[in-house]
Amino acid sequence: MSAPAGLGTRVAAQGRWETVSMLRNGEQLLLAVVLPLLALIGLTFVDLLDGYGSRRVDLATPGVLALCVVSTAFTGQGIATGFDRRYGVLRYLSTTPLGRGGLIAGKAIAVLAVLILQAVVIGAVALLLGWRPDPAGLLIAVVLLVLGAACFTSLGLLVAGTVRPEATLAITNLLWVLLAGAGGLLLPTGRLPGWLNGVVDALPSAALGNALRTALTTGALDVGPLLVLLVWTVAASLAAVRWFRWD
């Protein structure tokens, strides 16, 4: 009788399954690739980003990468987890040798795998459009993307684990639209009214978008948005652990 697979093998297998499931889902692909590409092309050829001090494509690309994080980690993973919970998949898998921790780790692997694919596609198209990121900011951007993925995955799991799947679908899609349009993801927040600017800057979406724009246009780390993102990541993780329901 062969020995059971180790935890690492089980988590890797779950991660592959979660990744393939996300990539086979038409709605997921729309959110993950098609809409971000349309946003990149649109922001590059219209004048919404004029006056912010950098070329359009150089400002658009970091924002679209931030949008990719929200699409995959929050909206995509939230919807998938919500319906897995409804159909008893979460309850079943949590009782297998994979365990609850292994299941969450598999979801995290899937988010990172899809995010890498998104970054490659968006980056390649942006380079064709003339994007020239500051090389010193590339490593900072990678760290920010991983931290953003952790933050928005936690938020997505929090929503999926506390409300009905239909509500998860509505909430995550609505917030995706709001955060993309007015949450600091695609557009810098400097031109909003004073009080509103402060509110939006306190959101994880604006923190991620602003930090990525600073890193990839100047090569510097913007500490303020980084701290905001860290606080949201810790708070969302603790909340998800405390209130997530498996059935």
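Results, tabulated for the structure shown:
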read-out	value
In nm, spacing of pseudo-spin labels at L38 and T95 (7 Å Cα→C-beta vector)	4.3 nm
Rounded Å value of the spacing that divides the Cα centres of region 1-57 and region 140-168	13 Å
Solvent-accessible area per residue for region 69-118 (1.4 angstrom probe, square angstrom)	37 Å²
Protein accessible area in the chain, 1.4 Å probe - carbon and sulfur %	72 percent
Cβ charges +1 (Lys, Arg) and -1 (Asp, Glu), total dipole of the chain, debye	620 debye
0 to 90° range, to nearest 10: angle between helix 35-45 axis and the chain longest Cα axis	0 degrees
Surface accessible to a 1.4 Å probe, per residue, for the residues of region 155-247, Å²	47 Å²
Between 0 and 90°, nearest 10: helix 56-69 axis offset from the chain longest Cα axis	20 degrees
Tilt relative to the chain, helix 99-128 - C-alpha long axis, 0 to 90 degrees, to 10	30 degrees
3J(HN,Hα) from dihedral phi, region 9-14, Karplus parametrisation 6.51/-1.76/1.60, rounded to Hz, x for glycine, proline	5, 5, 5, 4, 5, 5
Spin-label proximity, T162 to region 193-222 - amide N less than 11 Å from point 7 Å beyond Cα toward beta carbon	none
Estimated FRET transfer efficiency (L128, T9; beta-carbon r; R0 45 Å; 0.05)	0.70
In order through region 144-152: 3J(HN,Hα) via Karplus (6.51 cos²θ - 1.76 cosθ + 1.60), integer Hz, x for Gly, Pro	5, 5, 5, 5, x, 4, 5, 5, 6
Area of S237 that stays accessible when all protein chains are in place (1.4 Å probe, Å², to 10)	40 Å²
Residue-wise HN-Hα coupling along region 70-86, computed from phi with Karplus coefficients 6.51, -1.76, 1.60 (Hz; x: Gly, Pro)	5, 4, 7, 6, 9, 5, x, 5, x, 5, 4, 5, x, 6, 4, 5, 4
Farthest toward positive dipole pole in the chain [+1 Lys/Arg, -1 Asp/Glu at C-beta], among A32, T168, L65	T168
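The values are calculated or read from the model by the stated rules, or taken from the named source; none is laboratory data. All values reported here derive from a predicted model rather than from experimental measurement. Heads up, the Cβs are rebuilt from the backbone with ideal geometry, glycines too, and the neighbour counts pull from every protein chain shown. Ligands, DNA and RNA are stripped out before the accessible areas are found, and what is left, the full protein with its side chains, is counted by its heavy atoms. Shrake-Rupley method; radii C 1.70, N 1.55, O 1.52, S 1.80 Å.
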